[in-house]
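Each remark here refers to the structure printed beneath this line.
The values are calculated or read from the model by the stated rules, or taken from the named source; none is laboratory data. In this text, all values refer to a predicted model and were calculated from it rather than measured experimentally. Neighbour counts are summed over all protein chains in view; Cβ atoms, including those assigned to glycine, are modelled from backbone coordinates with ideal geometry. Heads up: the accessible areas ignore ligands, DNA and RNA and are worked out on the full protein's heavy atoms, side chains in. Shrake-Rupley method; radii C 1.70, N 1.55, O 1.52, S 1.80 Å.
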Amino acid sequence: MLRKAKLAALGLLKNAGVFELVADSGWRRRRLLILCYHGISLEDEHQWRPQLYMPVELLEQRLETLRAMRCSVLPLGEALTRLWHGDLPPRSVAITFDDGTYDFYKQAYPLLKKHGYPVTVYQTTYYTDHEIPIFNLTCSYMLWKGRGEQLDSSWDLGLSEPMDLRTELGRHRIVRGLIELSERENLTGGQKNELARRLAQALGIDYSAVAAKRILQLMNPQELAAVGRDGVDVQLHSHRHRTPDEEVLFRREISENRDRIRALTGTQPTHFCYPSGVYRREFLEWLNRESVVSATTCDAGLVSRHDDRFLLPRFVDTTGRTQLEFESWLSGVGSLMAVRRAAPQRYVVPED
Ligand SMILES: [Zn+2]
């Protein structure tokens, strides 16, 4: 209801010319909108996780809207420097992609290039060197594909209960069970891949076909090097997509991530994005000690020069956002009317 009322209000504001007024205001001029994207579907991933994946047609529409609304799309580093110096161009926007998946290379990047837009990829690197599907996401995706079923082959996978795929919660419990099993038994990436293959077998899914399509895989070293050479700004997202609570381990995630990116692209990454948008106060100082320049969250907002440089908000664009909402955020109205700003501080769990 609240959302319906908000969309109706946005419609009225747009028709009354308020979007244009705010977009041209001094207030908006002193602010930067950082857009956050995750994956662009190779097949049906957006139906599985609409908050993580969007169809390529929707991304194309977004990029056309940026042009139609005369936004100034800047490289992230330049945008932040100009924000801090107070000389941003009108309607400033920076585009970021989290994780650095193969679908970025295959789907998103050609479109961005066609439109001539600079882009930052926050690259997590562990799976870069292991050209295999990301374990927890792939298990979740395959269970979603087998939804509606109840299977008894759980013993084959080391799970204690039969697999109930009929609800999101049931599927989530199986993924949790598989993750816990892999941690308890200290499985390597290769062994986790075998476990995922066994799950696929139980579900009657051709795992080799999923793997061959590169669904839920990261860019491999050659692809990452190629986009880096082509001008994509590759930045930090931790090596294993995690942020340990211990300083030594946290900083190791940053340094391993940085070393891998530097080796593959020849550039020195200095901007960071919190995996899953999860942050704690103490991380800010640890990032500072690693000479990181900025860090983005998944909290909703436009960035102003008063924001802490290690807590920069973004607009997480998803399949569920309407065209009107997207335009409201480009103009700045969306930020003014945001109901909830802070992103949930937890790792990915399903909504029941
Ligand atoms: Zn991520």
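Side notes on the structure shown:
- Ranked by how many other beta carbons lie within 10 Å on average, peptides 123-133, 197-207, 280-290 from highest: 123-133, 197-207, 280-290
- For the chain, the number of Lys pairs with C-alpha atoms closer than 30 Å, counting only pairs eight or more positions apart or on separate chains, is 13.
- Cα extents of the range 71-206 along the three principal axes, largest first (Å): 62, 31, 25
- Val248 accessible area, assembled protein chains, probe 1.4 Å, Å²: 90
- Apportionment of accessible area to carbon and sulfur, the chain, percent (1.4 Å): 50
- Stretchable slack from Asp87 to Arg184, in nm (0.36 nm times residue separation minus alpha-carbon distance): 29.7 nm
- If you wrap the range 251-352 in the convex hull of its Cα atoms and look at it from every side, the mean projected area works out to 8.5 nm².
- Beta bridges per DSSP with both ends in the chain, % antiparallel, nearest 5: 15
- Pairs of Cα atoms in the chain fall into 10 Å distance bins, from 0 up to the last occupied one, in shares of 5, 24, 33, 25, 11, 2, 0 percent.
- A Förster radius of 25 Å combined with the Cβ-Cβ distance from Ser25 to Thr322 puts the calculated FRET efficiency at roughly 0.60.
- Shape category assigned to the range 115-268 from the gyration tensor of Cα positions, a/c cut at 1.5: prolate
- Kirkwood-type radius of the range 1-73, with distances r between different C-alpha atoms, in Å: 14.7
- Helix-derived mean residue ellipticity, 222 nm - over the chain, DSSP H n ≥ 4, -39500 (n - 2.57), to 500: -13000 deg cm²/dmol
- Rolling a 1.4 Å probe over the protein heavy atoms gives the chain an accessible area of 45 Å² per residue.
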